[in-house]
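Q: Handing you this structure, nothing more for now.
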Amino acid sequence: MTRNIVALVRGANTPIARDSILEIVVEWSYSPAPLDVSCFLVNADGKVPSDDYMIFYNQPSDPANLIKLQDTAPTTKIFSLSLHSLQQSSIQKGVFAVTLDGRGTLKEVQNLKISVKSLSGEILFGIDQLSEETSLVLAEVYRYKDWFKFRGIGKGFNGGLKPLAEAHGVVVEDEAPEEVPPVNFQSAPSSPVNLTKIDLLKIKVTISLEKNKLTTEKARVAVVFDASGSMANLYSKGTVQRAFERVLAIAACMDDDSVLDVWFFGNKFMRAPSVTERDYEDYVKRTYPQPRLFGGLGSGNNEPRVMADVIHKFTNEEPNKDLPTYVIFFSDGGIYEEKKISKLLIDSSKENFFWQFVGIGNAKYGVLQNLDNLPGRVVDNANFFALDDLDQISDEDLYNRLFNEFPQWLKEARRLGITK
């Protein structure tokens with residue numbers, strides 16, 4: 001049996017089939033930064049009853065379970081909507097929207113569409129002629145007589161999430177405190193939408209990117225953390241978690257899909273779960289909370305093994321000649337495999353790899369302290385600096401040092417055809 005498909009143009013509407021459950025699917029093929037998809041369940045005045053009725057990644061359902069958001073894939077989000085439950089509620093309509101979380105505008109988003117799928121057929125609204133705004137109302141499901149209709153809207157908002165949320169009655173603070181945890185709407189239904197630590201760090205990353213003329217650059221971002229026994233104190237007092245958060249903000253701004261790839265190493269190494277800013281809290285504690293001699297990665301240092309795995313992932317498993325790979329490597333010293341490290345740096349100089357090594361404390365860093373004099377490389381593909389106390393350097397200074405040599409490598413690598 002052929003499914004009935006109704007295609008809408010901007011402003012058009014059509015009745016929704018009388019099925020109990022709908023799937024409302026938002027899809028796109030490319031965006032310059034992550035797209036956050038949301039739904040506002042509003043009353044007759046166009047406002048949400050409370051902040052609990054703004055549905056998004058951090059709050060995937062409302063108190064009455066009228067609608068649920070499923071984070072199925074990076075470029076596909078699915079809402080499951082119970083029409084019968086919606087009909088019995090006081091909610092008048094559901095407004096579906098997207099917000100660009102990062103650099104760029106919606107004009108750069110490709111193949112954005114929203115569809116309503118049911119057993120009876122499909123309603124499709126493709127949004128073309130996108131504008132320079134960063135937020136967009138896609139469509140709405142609204143009451144009509146004794147059932148519902150679907151309308152394609154495609155209306156942009158200047159200023160991003162704040163005016164979009166405020167237009168639907170969500171309270172948004174003008175200024176966030178310095179460090180605010182993500183809002184838990186379930187325990188505080190009337191609390192404002194606050195910025196997270198990562199949001200605040202992203203502002204500082206953006207400023208540093210602008211200073212270093214990197215605002216339009218994209219890269220695959222990875223971080224490697226020393227997990228040897230001498231690092232135990234830095235894990236226990238939270239320094240490694242804070243370093244992780246600072247690097248995660250770089251990935252949120254620069255990485256092509258805003259994902260940070262993570263490794264930990266001692267005598268052995270661990271390729272940890274990749275992570276986005278939505279799951280940053282207690283990441284280190286949940287992943288590798290403390291160096292362990294037994295049952296862990298060992299108490300020593302074996303940089304070559306983890307470096308080889310990083311190279312293998314980005315050149316063999318996930319090759320991409322179009323995007324450079326920017327690796328931030330934290331170590332507290334004790335480096336002794338100098339010949340192996342040198343060979344890996346020489347070999348990877350032919351690839352679109354840049355290594356940014358960060359020393360923690362006064363220790364022996366061996367070959368890393370003489371990177372400028374390392375012969376045999378196609379291009380100078382690494383930088384090193386050491387910090388007495390990672391927690392004492394400001395975010396601004398750290399980011400400026402992390403981006404100090406990357407622009408020059410990028411320019412030279414492009415000249416030599418190593419990366420695009």
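Q: Can you tell me which residue among VAL223, VAL247 is modelled with pLDDT of 95 or more, out of contact with any helix residue (DSSP H, G or I) (no Cβ under 8 Å at 6 or more places or on another chain) and open to solvent by less than 10 Å² (accessible area, probe 1.4 Å)?
A: Details: VAL223 fails: out of contact with any helix residue (DSSP H, G or I) (no Cβ under 8 Å at 6 or more places or on another chain).
Exactly one of VAL223, VAL247 is modelled with pLDDT of 95 or more, out of contact with any helix residue (DSSP H, G or I) (no Cβ under 8 Å at 6 or more places or on another chain) and open to solvent by less than 10 Å² (accessible area, probe 1.4 Å), namely VAL247.
Q: In addition: Is it fair to say GLN92 is touching a residue at least 24 places away in the same chain (Cβ under 8 Å) and not small (Gly, Ala, Ser)?
A: yes
Q: Give GLN87, GLN110 a once-over and let me know the one that is surrounded by fewer than 16 Cβ atoms within 10 Å (Cβ to Cβ), closer than 30 Å to ILE207 by Cβ and either touching a residue at least 40 places away in the same chain (Cβ under 8 Å) or in contact with a strand residue (DSSP E or B) (Cβ under 9 Å, 6 or more places away or on another chain) (or both).
A: GLN110
Q: Checking the condition touching a Ser or Thr at 6+ places or on another chain (Cβ under 7 Å), modelled with pLDDT under 95, open to solvent by 10 Å² or more (accessible area, probe 1.4 Å) and of a type in the set (Asp, Glu), which residue from ASP332, ASP279 passes?
A: Details: ASP279 fails: touching a Ser or Thr at 6+ places or on another chain (Cβ under 7 Å).
It is ASP332.
Q: Consider ASP36 against the criteria (1) of a type in the set (D, E, K, R); (2) open to solvent by less than 50 Å² (accessible area, probe 1.4 Å); (3) part of a strand (DSSP E or B); (4) over 25 Å from LEU248 (Cα atoms): it satisfies all of them except one. Which criterion is unmet?
A: (4)
Q: Let me spell it out: the conditions are (1) at pLDDT below 85; (2) within 20 Å of PHE244 (Cα to Cα); (3) aliphatic (A, V, I, L, M), and ALA386 meets all of them except one. Which number is the exception?
A: Looking at each condition in turn, ALA386 falls short on (1).
Q: Only residues that are out of contact with any helix residue (DSSP H, G or I) (no Cβ under 7 Å at 6 or more places or on another chain) and open to solvent by 50 Å² or more (accessible area, probe 1.4 Å): list them for segment 1-20, please.
A: MET1, THR2, ARG3, ASN4, ILE5, ALA7, VAL9, ARG10, ASN13, PRO15, ARG18
Q: Give the residues of segment 54-71 that are in contact (Cβ under 8 Å) with a residue 60 or more places away in the chain and either assigned to a strand (DSSP E or B) or within 22 Å of LYS162 (Cα to Cα) (or both), sorted by residue number.
A: Step one: of segment 54-71, the residues in contact (Cβ under 8 Å) with a residue 60 or more places away in the chain are 54, 57-59, 63.
Within segment 54-71, MET54, TYR57, ASN58, GLN59 qualify.
Q: To continue, here is another question. Restricting the first residue to segment 202-216 and requiring it to be over 16 Å from ALA33 (Cβ atoms), which pairs with a second residue that is open to solvent by 80 Å² or more (accessible area, probe 1.4 Å) meet a Cβ separation below 6 Å and a spacing of at least six or different chains?
A: LYS204/GLU396
Q: Does segment 116-126 contain any residue that is of a type in the set (Phe, Trp, Tyr) and in contact with a helix residue (DSSP H, G or I) (Cβ under 8 Å, 6 or more places away or on another chain)?
A: Scanning segment 116-126, I find no residue that is of a type in the set (Phe, Trp, Tyr) and in contact with a helix residue (DSSP H, G or I) (Cβ under 8 Å, 6 or more places away or on another chain), so the answer is no.
Q: State all residues of segment 51-61 that are open to solvent by less than 30 Å² (accessible area, probe 1.4 Å) and farther than 14 Å from PHE96 by Cα; if no residue qualifies, say none.
A: Passing the criteria: ASP51, ASP52, GLN59.
Q: In addition: What number of residues in segment 127-152 are over 21 Å from LEU164 (Cβ atoms) and surrounded by fewer than 19 Cβ atoms within 10 Å (Cβ to Cβ)?
A: 6
The values are calculated or read from the model by the stated rules, or taken from the named source; none is laboratory data. These numbers come from a predicted model, not from an experiment. Positions of Cβ are backbone-derived with ideal geometry, glycine not excepted, and every protein chain shown enters the neighbour counts. SASA here: full protein model, heavy atoms, side chains in, ligands and nucleic acids out. Shrake-Rupley method; radii C 1.70, N 1.55, O 1.52, S 1.80 Å.
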